[in-house]
Amino acid sequence: MKVRPGDSVSDPAAGRPAATRSMFAPLSARGFRRYYLGQTASAFGDSLTPLAIAFAVLHLTASPVDLGIVVLSTRLPVILLTLLGGAIGDRFSRRTVMLLADLTRFAAHGTTALLLLTGTAHLWMLVALQLVAGAGSAFFNPAAVGLVASLAGKEHLQAANSLISLSRSAASMVALGTAGALVALVGPGWAILVDALTFLVSMAFLYRLPTEDRFSAEKAVPRTGGGGLLAGIGGGIAEVARHPWLWIWIVHVAIINAIVLSPIMVLGPYVADRQLGGAPAWSAIGIAYAVGGLAGGFVGARWRPARPMVAALLFALLMAPLPALLAVPAQVWLLALAGAGAGMQVVVYNVLQTTAIQRNLPERFVARATSVTMLGALVAAPIGTGLAGPAAAWSGTGPVLVAGAVTAVLVTALTLLAPSVWRIRAESS
């Protein structure tokens, strides 16, 4: 008998609801469990760095334009290299690709921390090192989506994706409080050093994946034929083009990232530094965002909407209040509530989208299709990041943030008018 989340049927042996038990079922697989532990540690470090880097730049130059340049330097390599990363992730050992990517990010963040701790950092150095770290992410992320599909099994994909989101949100909740304290008390360099060390933890768990899981991706994924990596990239693009719901989803995310999320990332720390009391205030908003993400992880694990794409888009409306309230700016507790809503929508949205890709597309295309999705989602973000600072300098931070809030509502409403959005049903994803 198939039991869905919310059903009252219980497992007599376990003495607890079957829906609850199934939420943690992916952890019974040793390979997934090890991957999960490594990524939880890495997620803690990843949540330290954005806040630390933001205030490191502000302390160096006090310029939102410079902050936008540094944030852009993290994203630019992902845009330039993510298609290549997806093709490599489907062609070679995903575990090996991820290990090399983690090693690259360890070196970049470790060097950044040392420069900040010794007082020798300059803006161009931070930009260069963020470019290197971004390149590592471009290769790691597509391979990781494919590896999860191999480790967890298709019957547990949504639960596995939700568990990963839960761990990231929980780690972020702790890390953001730690980051705010470290930045305020001893400076951002220490926070970034901790992040660098967590990449070593991730590498240790990836290396210890059991042999049967370590090479499962290579066995399941046939080698690409003639044309090599370029043909592989073209195959991934063609596969995405075959699914209208997927490229419509990509366009929606691209607009949201460019006009809504990018200005928040650039102008949020600036508003906090100038009007809300500095790093502790932005850290509090970030913690609330993580709490919302934690709640979103539970929602994603237990909820199976009949039309997952419609559900994801409706959740996207929760992004609008945060930029609107930052524009005022509202009191920190109100911004924290808005941040919690934004964090919840990001996790639910991403869980439903990632699961749809893993379930609806052939396994040999998962990393490549994920890379195309990432590219489409991020391609407009550098434009938004690069323009947020100059736009705020010209018109003020308020109008830029209000424009983002309005865009979040309008573009979501327009996307919901597309017929293919309503055709994706739970039984097909």
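The values are calculated or read from the model by the stated rules, or taken from the named source; none is laboratory data. These numbers come from a predicted model, not from an experiment. Cβ: placed from backbone, ideal geometry, glycine included. Neighbour counts: every protein chain shown. With ligands, DNA and RNA removed, areas are computed over all heavy atoms of the protein, side chains included. Shrake-Rupley method; radii C 1.70, N 1.55, O 1.52, S 1.80 Å.
Quick notes
- Hits in region 383-410 - residues which are under 21 Å from the mean Cα position of the chain (by Cα), open to solvent by less than 20 Å² (accessible area, probe 1.4 Å) and of a type in the set (A, V, I, L, M): ALA388, ALA405, ALA408
- Taken together, LEU166, LEU157 contain a single residue that is more than 18 Å from ALA43 (Cα to Cα), under 18 Å from the mean Cα position of the chain (by Cα), part of a helix (DSSP H, G or I) and not aromatic (Phe, Trp, Tyr), which is LEU157.
- Candidate set: region 266-294, residues that are in contact (Cβ under 8 Å) with a residue 60 or more places away in the chain and surrounded by fewer than 21 Cβ atoms within 10 Å (Cβ to Cβ); chosen: the one nearest to the chain's Cα centre (by Cα): VAL291
- All conditions but one from (1) among the hydroxyl-bearing types (Ser, Thr, Tyr); (2) open to solvent by 40 Å² or more (accessible area, probe 1.4 Å); (3) more than 27 Å from VAL127 (Cβ to Cβ) apply to THR354; the one that does not is (2).
So that you can scan it fast, the table gives a plain yes or no per residue for (1) without any contact (Cβ under 8 Å) to a residue 60 or more places away in the chain; (2) among the charged types (D, E, K, R); (3) open to solvent by 10 Å² or more (accessible area, probe 1.4 Å); (4) out of contact with any helix residue (DSSP H, G or I) (no Cβ under 8 Å at 6 or more places or on another chain):
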| position | (1), (2), (3), (4) |
| --- | --- |
| HIS122 | no, no, yes, no |
| VAL127 | yes, no, yes, no |
| ASN141 | no, no, yes, no |
| LEU147 | no, no, no, no |
| LEU157 | no, no, no, no |
| ARG168 | no, yes, yes, no |
| THR178 | no, no, yes, no |
| LEU182 | no, no, yes, no |
| LEU185 | yes, no, yes, yes |
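- Scanning region 295-304 for residues that are under 15 Å from the mean Cα position of the chain (by Cα) and closer than 12 Å to ALA342 by Cα gives a single hit, GLY296.
- Candidate set: region 357-369, residues that are open to solvent by 10 Å² or more (accessible area, probe 1.4 Å) and assigned to a helix (DSSP H, G or I); chosen: the one modelled with the lowest pLDDT: GLU363
- Region 74-99 - residue that is surrounded by fewer than 21 Cβ atoms within 10 Å (Cβ to Cβ) and within 20 Å of the chain's Cα centre (by Cα) and, of those, nearest to ARG208 (Cα to Cα): LEU99
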